[in-house]
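*Asks:* One structure, as structure tokens, below. Some questions next.
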Amino acid sequence: MKMDFKPYTAPAGGWGSVGSLARRFAREGNPVSAALTLMYQNQPHGYACPSCAWAKPVPPHVFEFCENGAKATIWELTQKRATPEFFADHKLRELEGWNDHALEAAGRLTDPLRYDAASDRYLPVPWHTAFTEIGARLRGFAPNSAVFYASGRAGLEAAYMYQLLARLYGTNNLPDCSNMCHETTSVALPESIGVPVGTVTLDDFAHADALFFFGQNVGSNSPRMLHDLQDARNRGVPIVSFNPLHERGLEAFTNPQNPRQMLTGAQTPISTLVNQVKSGGDMAAIMGMCKVLIAWDDHRDGAAPVLDWDFIHQHTHGFEKFADAVRAADWAALERRSGLTRNAMEAAALVYARAKRVIGIYGMGLTQHVKGVRTVQMLVNLLLLRGNIGQPGAGICPVRGHSNVQGQRTVGITEKPKLAPLDRLAEQYDFEPPRDEGLNTVTACEAMLNDRIHAFIGLGGNFIRAVPEREAMEAAWRRLPLTVQIVTKLNRSQVVHGETAFILPCLGRTELDEQASGPQAVSVEDSTACIHGSRGRRAPASPNLLSEPAIIAGIAKSTLAPNPHVDWDGWVADYDRVREAIGATYPAIFHDMSRRMWEPGGFHRRLEARERTWNTATGKANFITPETLATDIDTPVEQRDIVQLITLRSNDQFNTTVYGFDDRFRGVHGTRMVVLMHRNDMARFGLNERDMVTLSTAVDDGRRRSVSGLMVLPYDIPEGNIGAYYPECNPLIPLWHHAEGSHTPAAKSIPVRVTSAMPNKETML
């Protein structure tokens, strides 16, 4: 594979996006059929994108898909197949040497499989045998020694059935991929404004006067949002971005659906102000903006107020304590922590002060830090100063990842008993649900390392590749008595496996789901708490695939005692009956669900904060004062041999799924084993472009963590920060290095040392 490194100067979208998709079509085969299927993506009575959770407009665009969403669909529609013959040709010890891309590129799984230790291969197994054996093993374990993990891609129907399976079995061990990304949001926002999700709808973007972005790579992670940003810029709306790296999607965009832009090469500038914060510098930057606003209001001398005092007095609590802390904040400390000048923070504050309605948008650049909860709450503080929550065109907007990760939480996928309607479930299904706290992703990993977990059931995802502490976790994973993976493609979590291991292949989002009552549809919830229907269009990749609801029901019937109040077979035959059950459990949200999910644009669940009703301990929106500006391991300034690693995703991947080895926006082609470093740091430590280095975690806890074979590339990144790709650098994250309160791995600021691999170089870093 040829490696190439050159800066990318073209806009997001445009011909670069078209060319990338054309290459993907060619690699996966059947391009005409796949292209026709894409015409139904995010369309009325079509299927919801299997990639990100960004909202869709009403009416939708003709092509309501983005580059990464199309890649996810093409990846699912591949003509390649991982059949039993494939596994007959490849032992597991061989497949362990394959990289993430190669494993999934083997194609769609076609048959249920069981690991055979004697041959070191997966062998085909009949569905009924797989269910019977899985059920027999689960019945032999204590319920709290089993983990039921969900990735966020299954529909609401499967998610509801899955949480019920776990609780009927007797456990709240229901970690999910939210634990690894936006659990910080779900902890921060309820304390601040009384809801666990963002308050913004898609319509708000059309009424906003300014947009502020923090730690969000829109060009790679949610490119369909670029249409809304382009519309905002065309209205003259300023967009202010904060990120350690310049992200191409927040710089310029050429709309592939705009013939004039495509023919002329015209592009829309996106960010009007770009603030290159240090890793973890967002809290200090936002506090600096708040300091400016409060100072202006303190000294306005009869001019109009800068702050919204009516809103503050009527709707908030804790302002004076927060304002005193902000006034006392030292500008030198704010500049040092943020990496920005006072002038830059004042300029951003001026844009904010001039706008009547502001949306604050953020991604994992805020959530994946030790003080991530407080950082998100600091952004809420900024919005509260001028009443920018609970009015049209304003609010807070966490950009969620997987297509239904938010929705599965809504229907009960949670390890926290207080967040699930346990009393209602008990009445509805005549059983006593477990009331003890379950395991989240980090605590589940800790339990595996201590051999307290006996079974892991995975509803999608690639758990072992996504979590921190990979070396120790893979060893613990192999000791698990039972691993069961419900997936569409092969990944590391099946290649590394438990003592007894099953692969249960399921239908993809794009595929027809035929059951006893006819073709079925599922539902999903997007980032704006909007629920809508999804109906697959393509013939299944194999006649031996089952739907996720059918697989969950098969495991449940083989594991649980019969319950006359739970008709697993009836639910599989007709998903409307599952939705009726969801509506009975959550009547305020999901009444008449089967009809409402097909309304144009779907239906929004009620979020009281949108109405300025605050379900908090104080009954108001809370200003929360941070205890410190440090957001991660606080490395002393004088310890200059340590740099902070930011893990990144390329625009050729989604979560742990790697579509290819190009990161077009960062100019990296043909490899993912790179370290992006400021030229001053390279010179300071005696490193040259393309030197090979090893990263080692710079903590003293008795465990060595390192990743070797990384090539140094000069890049526009703050001094003292480096960037490298996720999940390749997950081994560097200590399991205990997570956000306080949410346990989200702090993957955006990992203290590391860099060791040169060149024989004529000393260890410089």
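*Asks:* What are the semi-axes of the equivalent ellipsoid for the range 643-756, taken as the square roots of 5 times the Cα gyration tensor eigenvalues, largest first, in whole Å? Spell out each step's value before the answer.
*Replies:* Numbers: eigenvalues 91, 70, 30 Å².
Whole-Å semi-axes of the equivalent ellipsoid: 21, 19, 12.
*Asks:* Return the sequence-ordered ³J(HN,Hα) values of the range 618-631 in whole Hz as given by the Karplus equation 6.51 cos²θ - 1.76 cosθ + 1.60 applied to θ = phi - 60°, using x for Gly and Pro.
*Replies:* The phi angles translate into 8, x, 9, 6, 10, 6, 10, 8, x, 7, 7, 8, 5, 10 Hz.
*Asks:* Shifting gears a bit: Give the shape of the range 446-604 as rounded, prolate or oblate, defined through the alpha-carbon gyration tensor: a ≥ b ≥ c are the square roots of its eigenvalues, a/c under 1.5 means rounded, and otherwise the shape is prolate if a/b is larger than b/c and oblate if not. Display every interim value, and only then the final one.
*Replies:* Working: a/c = 1.80, a/b = 1.75, b/c = 1.03.
Prolate, since a/c reaches 1.5 and a/b exceeds b/c.
*Asks:* Here's something else I'd like to know. I'd like the projected area of the range 184-399, averaged over all directions, using the convex hull of its alpha carbons. Report it in nm² with one decimal. List each step's numbers first, then the result.
*Replies:* Numbers: hull surface 47.2 nm².
Convex hull of Cα atoms, orientation-averaged projection: 11.8 nm².
*Asks:* So how do Val707, Val522 line up by other beta-carbon neighbours within 10 Å, fewest first?
*Replies:* Numbers: Val707 21, Val522 27.
So the residues, fewest neighbours to most, are Val707, Val522.
*Asks:* Beyond 15 Å, what share of the Cα-Cα pairs of the range 272-337 is found? Please give it as a whole percent.
*Replies:* Working: 1285 of 2145 pairs.
For the range 272-337, the fraction of Cα-Cα distances above 15 Å is 60 percent.
*Asks:* Mind checking the log10 I(q)/I(0) for the range 4-76 at q = 0.12, 0.28 Å⁻¹? Debye, one equal scatterer per Cα, no solvent, two decimals.
*Replies:* -0.35, -1.37
*Asks:* Arrange the peptides 341-347, 507-513 so that the one whose residues have, on average, the most other Cβ atoms within 10 Å appears first. Provide the component values of the computation, followed by the final result.
*Replies:* On the way: 341-347: 16.7, 507-513: 23.3.
Answer by packing, highest mean first, reads 507-513, 341-347.
*Asks:* Then there's this: Determine by what factor the alpha-carbon radius of gyration of the range 494-537 differs from 2.2 N^0.38 Å, reporting the quotient.
*Replies:* Working: Rg = 15.4 Å, N = 44, 2.2 N^0.38 = 9.3 Å.
Cα Rg divided by the expected 2.2 N^0.38 Å: 1.66.
*Asks:* Where both partners of a DSSP beta bridge lie in the range 184-399, what percent of those bridges are antiparallel, to the nearest 5?
*Replies:* Values: 2 of 18 bridges.
Roughly 10 percent of the beta bridges in the range 184-399 run antiparallel, per DSSP.
*Asks:* Over all distinct Cα pairs, what is the inverse of the mean 1/r for the range 1-147, reported as the Kirkwood hydrodynamic radius in Å? Before the final figure, lay out each step's value.
*Replies:* On the way: mean 1/r = 0.0528 Å⁻¹.
Answer for the range 1-147: a Kirkwood hydrodynamic radius of 18.9 Å.
*Asks:* Same structure again: What are the radius of gyration and Dmax of the chain, computed over its Cα atoms and given in Å?
*Replies:* Radius of gyration, then largest Cα-Cα span, for the chain: 25.1, 84 Å.
*Asks:* Could you list log10 I(q)/I(0) for the range 34-77 at q = 0.20, 0.27, 0.32, 0.33 Å⁻¹, which the Debye formula gives when each Cα is one point scatterer?
*Replies:* -0.53, -0.99, -1.38, -1.45
*Asks:* Here's a follow-up. Eigenvalues of the Cα gyration tensor times 5, then square-rooted: what semi-axes does that give for the range 179-285, in whole angstrom, largest first? Please list the in-between numbers first.
*Replies:* Details: eigenvalues 146, 56, 34 Å².
After scaling each eigenvalue by five and taking roots: 27, 17, 13 Å.
*Asks:* What is the range 226-268 by shape, rounded, prolate or oblate, if you read a ≥ b ≥ c off the alpha carbon gyration tensor as root eigenvalues and call it rounded for a/c under 1.5, prolate for a/b larger than b/c, and oblate otherwise? If you can, show how the numbers build up before the last one.
*Replies:* Numbers: a/c = 2.76, a/b = 1.55, b/c = 1.78.
Judged from the Cα gyration tensor, the range 226-268 comes out oblate (a/c at least 1.5, b/c at or above a/b).
*Asks:* Right, next: Which residue, Thr647, Leu687, Phe661, has the largest displacement toward the positive end of the dipole of the range 614-700 when charges sit on each Cβ (Lys, Arg +1; Asp, Glu -1)?
*Replies:* Phe661
*Asks:* Skipping prolines and chain starts, which residues have an amide H placed within reach, meaning under 5 Å, of the one on Asp663, given they are 5 or more residues away or on another chain?
*Replies:* For Asp663, the qualifying residues are Val668, His669, Gly670.
*Asks:* Let me ask something additional. Work the Kirkwood hydrodynamic radius out for the range 398-491: mean of 1/r over every pair of different alpha-carbon atoms, inverted, in Å.
*Replies:* Values: mean 1/r = 0.0652 Å⁻¹.
This gives a value of 15.3 Å.
*Asks:* With +1 on the Cβ of every Lys and Arg and -1 on the Cβ of every Asp and Glu, and nothing else charged, how large is the dipole of the range 1-103 about its Cα centre, in debye rounded to the nearest 20? Let's see the in-between values first.
*Replies:* On the way: 11 positive and 10 negative charges, 41 e Å.
Using only the charged Cβ atoms, the result is roughly 200 debye.
*Asks:* Work the Kirkwood hydrodynamic radius out for the range 511-656: mean of 1/r over every pair of different alpha-carbon atoms, inverted, in Å. It would help to have the intermediate numbers written out before the result.
*Replies:* On the way: mean 1/r = 0.0491 Å⁻¹.
Result for the range 511-656, one decimal place: 20.4 Å.
*Asks:* What whole-number distance in Å separates the alpha-carbon centres of the range 357-428 and the range 178-207?
*Replies:* 2
*Asks:* Sticking with this one: Grab the other residues whose beta carbon is less than 13 angstrom from that of Ala210, score K and R as +1, D and E as -1, and report the net. Provide the component values of the computation, followed by the final result.
*Replies:* On the way: positive: Arg233, Arg235, Arg354, Lys356, Arg357, Arg386; negative: Asp204, Asp209.
Counting the neighbours of Ala210, the net charge comes to +4.
*Asks:* Which values, in whole Å and largest first, are the semi-axes of the equivalent ellipsoid of the range 273-402 obtained as the square root of 5 times each eigenvalue of the Cα gyration tensor? Please report the intermediate quantities before stating the final value.
*Replies:* Values: eigenvalues 96, 70, 38 Å².
Result for the range 273-402: semi-axes of 22, 19, 14 Å.
*Asks:* Please report how far the C-alpha centroid of the range 466-530 lies from that of the range 607-668, rounded to the nearest whole angstrom.
*Replies:* Distance between centres, Cα-based: 26 Å.
*Asks:* Right, here's the next one. Would you be so kind as to identify which of Pro714, Ala136, Asn343 lies farthest towards the positive end of the dipole of the chain, taking Lys and Arg as +1 and Asp and Glu as -1 on Cβ and the Cα centre as origin?
*Replies:* Ranked along the dipole, the leading option is Pro714.
*Asks:* Let me ask something else. Given 5 Å bins starting at zero, what is the percent of C-alpha pairs of the range 344-424 in each, up to the one with the largest pair distance?
*Replies:* Going out from 0 Å in 5 Å bins, the range 344-424 shows 3, 12, 16, 17, 21, 14, 8, 5, 3, 1, 0 percent.
*Asks:* Please figure out what share of the DSSP beta bridges in the chain is antiparallel and state it in percent, rounded to the nearest 5.
*Replies:* Details: 39 of 90 bridges.
That works out to approximately 45 percent antiparallel.
*Asks:* If you don't mind, there's one more thing I want to ask. Lys/Arg Cβ at +1, Asp/Glu Cβ at -1, dipole of the chain taken about the Cα centre: which of Gln267, Ala102, Gly219 is farthest positive-ward?
*Replies:* Of Gln267, Ala102, Gly219, it is Gln267.
Every number here is computed from the coordinates shown, using simple stated rules; none is lab data. On a predicted model such as this, the values are computed, not experimentally measured, just so you know. Heads up, the Cβs are rebuilt from the backbone with ideal geometry, glycines too, and the neighbour counts pull from every protein chain shown.
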